[in-house]
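Nothing in this text is a laboratory measurement; each read-out follows from the coordinates by a stated rule. No experiment lies behind these values; they were computed from the predicted model shown. Neighbour counts are summed over all protein chains in view; Cβ atoms, including those assigned to glycine, are modelled from backbone coordinates with ideal geometry.
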Amino acid sequence: MAANTDLTVTGLDFDVIRANLRTFISSKPEFSDYDFNDSAIGTLLDLLAYNTYYSAFYANMASNEAFLDTAQLYDSVVSRAKAIGYTPTSAKSATANVQLIFPLAVANSTFRSIRVAKDTQFRATVNGTSYTFVAPQTYTIASNSTNGFADFISIKEGEALTHRFVYNRSSNTSFVLPNENVDTDSITVSINTTGNTLSYIKADDITTINSSSKVFFVEADRDKKYKVAFGDGVLGFQPATSSIVSISYRVCNGALPNGANSFSLVGATIDGQTVTVVPVGRAEGGAAIEDIESIRFNAPRMYETQNRTVTSNDYERIVVREYPDIQAVRVWGGEDNDPPIYGKVFLSAKPKVGTLLSSSRKAEIKNTLKKYNVQAIDVEMIDPTYLYVIPSLTVRYNPTKTTKTPGELAASIASRIISFESTYLSRFNQSFRYSKFLEYIDDTDDSIETSNAIIRLRKTFVPSIIAADNYVIKFNNGIQRLGTKELISGVPTHPGYGSITSSSFTQDGFTSYFDDNGFGTLRTYYRSGTGRLGRTYINYSAGTIDYDQGTVNINNFLPTTFSGETISIVVSPLSPNIIPVRNQIILMSQSEINIVDDITGKTVTSVSTIETIGQTATITTPSGKLYNF
C-alpha cells in the first residue's frame, strides 16, 4: 500500500490538527456528503484531534524532561545532573558559636573535665519561632586557670535522627533517607557486622578509593531526598550481607534560623552541671536545598571544574556549590591585586544574609578549598568593600497624566530605586549605569516627563581612637577636582573648595569634618559659622587626594570619638557611571527624591527616607592597620 501523502502533520495546535484531519477525510469520496461540524463524525474528529494533541503535548514534555536545559521537574533535573557527576547541594544547618560557662571554678577529684555529648540540644527563637540547635560532635571542656570550666563550641540547627537498615548484597545496597531538608554534611555512617562496628567516611575523591576503602556515597534521589550507597568491592569496600547499617543525620530548617543570637540549654544540666550559654555572634550559614535553576546553572560548570581549582571560575563554582548561603563570590589572582602579590588567590564572598562573613566562616571556606587545590597556592579571604551611590533625584511630572498624588508618585519612585539596587547592583562586577538608572526611574509612571540626578559616592571606615594611623580610602573611580588650577608663584589664587565632605568626628576638642582644597590636599575643620566661610581649619595638610585614581589618603589620624559606627567620606565622582573593581560591591544609600510639577515648575514633595540595602544594612568595617577601605 502506498504511503498517504494527503495528511498534513506540521501543525500541533488543536484547531490545526482538527482541520488537517477534516481535510484528509473530506478528500475521500465516501465522505463527500458529510457535515464535519455538526454530525457525529464531527465529534469523532474532536476526539481524534484531542487525542493527537494530548499525545503530541506529552511527547514534547517527555522530550523536554530528557535534557538539563529544558527539564521542569525537580526529579528530572536531578537525574540529568547526576549523569555528569553533580550532586545538588542539600539544605544546610545554621551554625552558631557559643561559650559554655560552668559554675565550677577549678577542677577537683570528681570533675577533671566536663563532657558535652554529641547532639546535646539548645534552643533559640527567631521571629517568634523556636528552633533546636545541637552539638555536632562530642566536646570535652577542661578546667583552665583563667575562667575555670569554660570553652567555645559550635552548635548547628536541626533535629538529630538515626535510621538503621539491613544490608543485602543482592537486593538492598543503598538506602533513601526518608526526610526532606537533610543536611548531607551531617551524615555519619557506621556498620555492624557480627558484633564488630566500623565507621565509614563520605567519599569525596574516587581517585583515592580502592577495594578496601570504608566509604559511603551520597546521591540525590526523588522528591528532594538523598540516598546513601556503598562500594561494590572494586570502588569501595562492600559490606557483608545482613550487616546493620546505622545512618545518623540532621533535618534542618535552612535559612530560617539565621540570625539567632540567644540560646538556652534544653534540659537542666550538662554532665550533671548547670551551664550559662553565651552567644558569640549570630547564627549563620543556614540555606535551603538547591533549587532547579541553580542546579541547571551549576551542574555543567562544575563538570568543567572537575573538582579542582585552577582558574578563578573554578574557585567561584566550588564555593557556590559548597556554601549555598553565599550570594556572590569574586576571585582574582595575586597578579591582579593592588599591589600585586604572587602565589596567592584572593577571594571575597557576600552572604545572602548580612554583608560580611564571620572569621570562623572564612576559615571554614579556606579549609574546604584546600581539598581542591592542584598546586601550592594560598587562598586569602578578603571582605567585600561597599561603595555607596548617593543619588539626588529631581523628577518632573505632568499632574494631568496621572491620578496619583505627588506623595504616591514619590513612593512609587522609591520602590523603583529599591528594585534597581537589588536587580542591577548589590553583587560583584555590577556597575551603576547613570542612563539605565534614569530610564528605570522614567518607567515608573507615564506622567513622568523627565528626570535627572546628582550622583555622589560614599565610603566608610572605622578609625582607631587609641593610636594615630594612616588610612587609604579607595573609590577606584575618578573624583571631581573642583578647585581652580590658576596659580600665582606656585600658590593657588584662592583657598579652593573641593568635592570631599565627611561625617563628623571629634578631634582636638572640636566636632570636626574633612574637606579638600581642590588641589589634592585634605583638610580638617570645625564649624564656627554658616556656609563655607564659617569653617575654621585645624589642619591644612591632613592627607592627600589622587583625583584621577579616586584615592583619599588620611595621614596620622587620631579622632577622640566619631558619630555612628563609622566615618563616612563622600565625594563627587568624575563620571556618573560607577565601575566596581575586585571586591567592591555597589549599594545605594541616602537617596533623595524631589518631585517637581512640570506645569508650575514648583517642587511639590520631597522624600529622603528610602530603605535600600545600603541605607538599612549595618556593615562593620575592619579597623586598625587594614587599608583598601
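Key figures
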item	result
Calculated [θ] (222 nm, deg cm²/dmol) that DSSP helices of n ≥ 4 give over the chain, each run adding -39,500 (n - 2.57)	-6000 deg cm²/dmol
Proportion of all alpha-carbon pairs of the range 222-261 beyond 15 Å (%)	66 percent
Estimated inter-spin distance, residue 561 and residue 173, nm [label 7 Å along Cα→Cβ]	7.2 nm
Long-range HN-HN contacts of residue 535 with modeled amide H, under 5 Å	528
Computed over the range 161-264, Cα set: Rg, Dmax in Å	15.3, 50
Förster-model FRET efficiency, 25 Å R0, residue 436 and residue 592, C-beta, rounded to 0.05	0.85
When each of 224/344; 92/474; 350/602; 92/344 is checked by Cα-Cα distance, pairs over 31 Å	224/344; 92/474; 350/602
Considering only the chain, percent of DSSP beta bridges that pair antiparallel, nearest 5	85 percent
Karplus-derived HN-Hα couplings along the range 463-472 (A = 6.51, B = -1.76, C = 1.60, θ = phi - 60°), whole Hz, x at Gly and Pro	x, 6, 10, 10, 9, 5, 8, 9, 9, 10
Residue exposure sequence - 47, 100, 198 - by fewest surrounding Cβ within 10 Å	47, 198, 100
Fewest-first ranking of 63, 143, using other Cβ atoms within 10 Å as the exposure measure	63, 143
At R0 = 22 Å, FRET efficiency that the Cβ-Cβ distance of residue 301 and residue 82 yields, to 0.05	0.90
Compactness of the chain - radius of gyration and Dmax, Cα, Å	33.0, 111
Neighbour-count ranking [beta-carbon atoms within 10 angstrom, fewest first] of 200, 53, 540	540, 53, 200
The range 328-383, Cα convex hull volume normalised per residue, Å³	83 Å³
Cα centroid of the range 455-479 to Cα centroid of the range 277-348, whole Å	28 Å
Residues residue 67 and residue 508, FRET efficiency given R0 of 60 Å [Cβ-Cβ distance, rounded to 0.05]	0.30
Where labels lie 7 Å past Cα in the beta-carbon direction, separation of residue 193 and residue 256 in nm	4.1 nm
